[in-house]
Amino acid sequence: MLSHVPGQLATDPPWWRDAVVYQIYPRSFADSNGDGVGDLPGITARLDHLHALGVDALWLSPIFVSPMADFGYDVADYCAIDPVFGTDADLDALVAGLHDRGMRLLLDWVPNHTSDQHRWFVESRSSRDSPKRDWYVWRDRRPDGSPPNNWTAAFKGVPAWTHDEGTDQSYLHLFLPEQPDLNWANPEVEAAMHDTLRHWLDRGVDGFRADVVHLIGKGSDVEDLPDHLAKGPVIAIDRPFGHELLRRIRLVLEEYEHEPMMVGEVYLLREGQSVAYLGDPLSGDGELHLSFDFRPLHTPWEPEAMHAAIARTQAEFAEPHWPTWVLSNHDQVRHRTRYGSEARARAAAVLSLTMRGTPFLYHGEELGLEDADIPDDRVVDPAGRDGCRAPLPWTAGGDAESGHGWPAPPWLPFPRNASTHAAELQVGVEGSMFELYRDLLTLRRSSPALRWGAMDLAPLAGGLLRYERTLDGEHLTVLVNLGDAATDWPADVDRGGVVLSTMGAAVDALRADEAVVIGR
Ligand code: NOJ
């Protein structure tokens with residue numbers, strides 16, 4: 001059943017507008033078999049914990065067969081689970097456990113590139129005449145022996161091309177050489193990738209997070225780009241063909257009645273670019289259901305900058321669109337570490353969970369985890385992202401390398417505050433970060449205005465950020481003091497109406513980094 005009737009706004013919000021999504025980096029969540037790597041049964045065993053927290057859906061970073069050059073973002077078989085994470089039966093058990101609790105599951109779909117070990121690439125590489133040759137992007141070097149174009153791969157700043165001596169051509173990889181780019185201009189590739197979606201939808205999965213999905217729009221066009229687009233953390237490809245592909249991907253999702261959703265990692269930071277990948281849902285030309293906007297994540301904890309970022313996202317993602325909020329993920333230093341204090345992380349939780357939009361939480365932020373310190377000899381990620389991928393400490397007992405409820409030393413050291421912020425120290429403990437998240441999720445669930453009401457952002461008053469959430473006579477005010485000093489309560493706000501504060505009972509002034517929600 002479609003959640004939107006083309007031509008009119010949804011009256012009942014689709015589930016993904018109403019949901020709080022919790023990202024799990026499976027290697028680091030919970031290890032059931034003592035191999036030092038988290039797995040699917042580990043997640044299933046913690047479902048009561050996640051249900052008690054109050055999140056609605058899980059997004060798992062990739063769990064498919066992979067040589068792990070990029071820890072799963074190099075997929076060697078889209079339709080098989082890597083044994084390190086478990087089996088098909090383990091996934092079925094996870095889906096059933098989630099559905100029993102009224103929760104949903106999103107998998108991470110990596111459409112831009114495969115692993116170089118994927119049989120499609122092995123065949124493609126085998127000869128220029130291979131039927132799969134054109135499934136990837138192969139080009140001759142330039143006459144001077146330089147790469148076919150000026151594009152730079154993410155992570156190491158090296159050319160996005162690797163030369164294959166066997167067939168004397170170079171293949172494109174916008175990430176590692178072990179991650180060759182698929183050629184989405186080839187209809188066979190498109191059809192095969194559609195089938196990978198159907199494979200998991202048939203198994204009852206509720207949707208996908210689509211990895212760097214804007215990049216598939218390059219098709220087979222690999223002309224030189226201006227330097228500022230050809231380089232940078234992720235090459236900025238933004239082409240009409242990407243929208244065409246996404247409209248057809250949307251149709252695949254709409255073959256299913258359980259309303260599967262796709263949220264796209266659209267890593268494009270210029271005005272209007274990310275929202276454009278939602279297409280035109282009212283005319284039936286929808287693309288992604290949700291599209292990440294990473295500009296708030298890259299915004300410092302500073303009043304003017306935060307206010308401007310929030311205002312911009314809300315304006316760009318106005319109806320019929322809908323924003324997402326993400327402050328941390330497996331690619332970025334955790335916001336607890338970036339913002340530099342627990343008080344700010346607490347205020348940030350209020351922001352993510354009370355603004356208009358779908359919040360995406362990154363596992364461990366509900367514990368206020370910091371990044372881990374990674375000694376040189378423990379570095380495993382080619383792009384320096386190990387710190388935010390550290391394992392989740394379930395218990396307090398342990399050191400940087402072992403314990404914390406993990407049956408064996410995990411693949412990475414623990415976060416630097418694991419001993420003081422383990423889950424067992426926070427669950428049920430009044431005033432803990434975990435209980436703040438739980439309170440916010442409970443409040444959100446009980447409040448249609450927070451879930452899908454209008455949001456009116458007031459002009460910044462000193463360091464004070466203020467917005468109102470309203471729906472059908474329900475009215476909530478959110479105040480966040482982003483400034484360095486205490487500030488007066490706004491005259492029109494009734495302090496007696498405070499339903500949640502990040503700093504306990506309200507006092508005469510709003511303290512620096514305090515956030516409060518006031519009901520009327
Ligand atoms: C974005 C993912 O979030 C990141 O972890 C990965 O390395 C790249 N895409 C390449 O797939």
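The values are calculated or read from the model by the stated rules, or taken from the named source; none is laboratory data. Since we're looking at a predicted model, the values are computed, not measured. Cβ placement follows ideal geometry from the backbone for every residue including glycine, while neighbour counts extend to all protein chains displayed. Heads up: the accessible areas ignore ligands, DNA and RNA and are worked out on the full protein's heavy atoms, side chains in. Shrake-Rupley method; radii C 1.70, N 1.55, O 1.52, S 1.80 Å.
Values for this structure:
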read-out	value
Sequence-distant residues sharing a close amide H with Q169 (under 5 Å, placed H)	D164
For the chain, the fraction of alpha-carbon pairs in successive 20 Å shells from zero, as %	22, 56, 21, 1
Sequence-distant residues sharing a close amide H with T114 (under 5 Å, placed H)	L182
Relative contact order (%) - criterion: Cα under 8 Å, at least six apart; region: the chain	13
Residue-normalised accessible area of region 171-282, expressed per residue, 1.4 Å probe, Å²	35
Dipole of region 368-519, positive direction: furthest Cα of T395, A372, M455, with charges on the beta-carbon	M455
Where H335, H421 fall by accessible area, highest first, once all protein chains stay in place (1.4 Å)	H421, H335
Bridge type composition, region 1-140 - antiparallel percent by DSSP, nearest 5	20
Amide H within-cut-off set for F208, under 5 Å, with H built and near neighbours excluded	L107, M261, M262, V263
Carbon plus sulfur fraction of accessible area for the chain, probe 1.4 Å, in percent	51
List E435, E319, ordered by accessible area with a 1.4 Å probe, largest first	E319, E435
Point-charge dipole on Cβ atoms (K/R +1, D/E -1) for the chain, about Cα centre, debye to 20	640
Region 390-496, relative contact order in percent, only Cα pairs under 8 angstrom and at least six apart counted	15
Mean ellipticity per residue at 222 nm, deg cm²/dmol - from DSSP H runs of n ≥ 4 across the chain, formula -39500 (n - 2.57)	-7000 deg cm²/dmol
Rounded accessible area of K156 (nearest 10 Å², 1.4 Å probe)	130
DSSP beta bridge pairing in the chain, given as percent antiparallel to the nearest 5	60
3J(HN,Hα) from dihedral phi, region 453-458, Karplus parametrisation 6.51/-1.76/1.60, rounded to Hz, x for glycine, proline	x, 5, 10, 10, 8, 7
Neighbourhood charge, 10 Å Cβ-Cβ cut-off, centred on M261 and excluding it, Lys, Arg +1 and Asp, Glu -1	+1
Vicinal HN-Hα couplings computed from phi for region 83-90 (Karplus, 6.51 cos²θ - 1.76 cosθ + 1.60; Hz; Gly/Pro x)	x, 5, 9, x, 10, 4, 4, 5
Rounded to the nearest 20 debye, dipole of region 365-520 from Cβ charges on Lys, Arg, Asp, Glu	500
Accessible area, probe 1.4 Å, largest first, for residues C388, C79	C79, C388
Convex hull (Cα only) mean projected area of region 221-355, reported in nm² to one decimal	10.0
Translational diffusion coefficient (Stokes-Einstein; Kirkwood radius from C-alpha pairs) of region 304-447 at 10 °C, 1.306 mPa s, in µm²/s	97
Ordering of 245-258, 290-303 by packing [mean C-beta count within 10 Å, highest first]	290-303, 245-258
For region 266-280, Karplus couplings with θ = phi - 60° (6.51, -1.76, 1.60), whole Hz, Gly/Pro x	9, 8, 10, 10, 8, 3, x, 6, 5, 4, 4, 7, 8, x, 10
Relative contact order (%) - criterion: Cα under 8 Å, at least six apart; region: region 10-99	27
